[in-house]
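The values are calculated or read from the model by the stated rules, or taken from the named source; none is laboratory data. Here the structure is a predicted model, which is why all the values come from computation and not from measurement. Note that we place each Cβ from the backbone using ideal geometry, even for glycine, and neighbour counts take in every protein chain shown. Only protein heavy atoms, including side chains, enter the accessible area calculation; ligands, DNA and RNA are left aside. Shrake-Rupley method; radii C 1.70, N 1.55, O 1.52, S 1.80 Å.
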Amino acid sequence: ADGGDEPAPAAAPGRAQVFNTVVDTFLEKLVAAGSYQRFVSCYRCFYKLQPQLTRSIYDQFISQLQASIKEEIQEVKNEGNLEGLFSLLDKIVEEAKDREEPAW
């Protein structure tokens, strides 16, 4: 019983991982907010005439919206050096600790 069998404590997730989780959660909430029922309520007349087509249009719209958002965020990640930006934010926060007004 030298303690060698105990699992190592889990490392805190990195900020990039937290950012990815926030983005994924945002997309889930966006889809939930843009529910099919809301979509149908906006296009009720069309839905009454073509319910299957309305569903197909909605599915394509949501799929394209998610893909576009993910693509834009990936471009920001690729171009923006997120870790560098996180470090810059840390610096701004650190410099503003003793101020009463907002750091920006």
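Quick notes on this one:
- Cβ separations smaller than 7 Å between residues 6+ apart or across chains give the following pairs from the range 26-54 residues that are more than 12 Å from Gln66 (Cα to Cα) to residues that are surrounded by 10 or more Cβ atoms within 10 Å (Cβ to Cβ) and of a type in the set (S, T, N, Q): Val40/Thr54; Tyr43/Thr54; Phe46/Thr54; Tyr47/Thr54.
- If you go through the range 11-54 and pick out every residue that is over 21 Å from Glu83 (Cβ atoms) and more than 21 Å from the chain's Cα centre (by Cα), you end up with 18.
- Applying the criterion of being open to solvent by 80 Å² or more (accessible area, probe 1.4 Å) and touching a residue at least 12 places away in the same chain (Cβ under 8 Å) to the residues of the range 64-88, the residue that is nearest to Phe19 (Cα to Cα) is Glu83.
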